[in-house]
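Below: one structure, written as structure tokens.
Nothing in this text is a laboratory measurement; each read-out follows from the coordinates by a stated rule. What you are looking at is a predicted structure, and each value in this text was computed from that prediction instead of being measured. Here the Cβ is made from the backbone with ideal geometry for all residues, glycine too, and neighbour counts use every protein chain on show.
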Amino acid sequence: MEMPKVIPVCYCGNPAKLSMSWSNDNPGRRFFGCNKFGSRFQKPCRFFSWFDPPLMPRSRMVLLGLLKKVRTLEDARKRERITWLLVLAIVTVLLFLKA
């Protein structure tokens, strides 16, 4: 991953933070934003600057397809984990009642 040679300074006067977008319009595209962005306690300034160039349409389509597959697998894993916890709880209750 290429790192910037110069880190821009946001409107607050602080070095900007390099983050990654996961929106459908710019999946995986890096950008600079205020270092306070995402903080509950500090209000960020409106500084924003793209670091990476725009994705080619084909690259964007491939990335979105891969992200969809990852999310589908994560959802399936979460459902499987819940199922196993329910099975464990039922078996524990049945063993407790049997004793």
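In the chain, helical runs assigned H by DSSP with n ≥ 4 each contribute -39500 (n - 2.57); averaged across all residues and rounded to the nearest 500, the mean residue ellipticity at 222 nm is -15500 deg cm²/dmol. If you plug the beta carbon distance of Val9 and Leu66 into 1/(1 + (r/R0)^6) with R0 = 41 Å, you get a FRET efficiency near 0.75.
For the chain, report the translational diffusion coefficient in µm²/s to the nearest whole number, using Stokes-Einstein at 25 °C, 0.890 mPa s, and a Kirkwood Rh over Cα pairs. All intermediate terms of the calculation are to be shown ahead of the outcome.
On the way: Rh = 17.4 Å.
In µm²/s, the coefficient rounds to 141.
Where does helix 57-98 land angle-wise versus the long Cα axis of the chain, in degrees 0 to 90, nearest 10? Once rounded, the angle reads 30 degrees.
Spin-label model, Arg81 to Trp50: label points 7 Å out along the Cα-to-beta-carbon direction sit 3.5 nm apart. Taking the Cα centre of the chain as reference, the dipole from Cβ charges on Lys and Arg (+1) and Asp and Glu (-1) amounts to some 140 debye. Tell me, what is the FRET efficiency for Phe96 and Trp22 to the nearest 0.05, using R0 = 41 angstrom and their Cβ-Cβ distance as r? With R0 = 41 Å, the Cβ-Cβ based efficiency is 0.40. Peptide packing: for 8-14, 85-91, 64-70, the average count of neighbouring Cβ atoms within 10 Å per residue gives the ranking 8-14, 64-70, 85-91, highest mean first.
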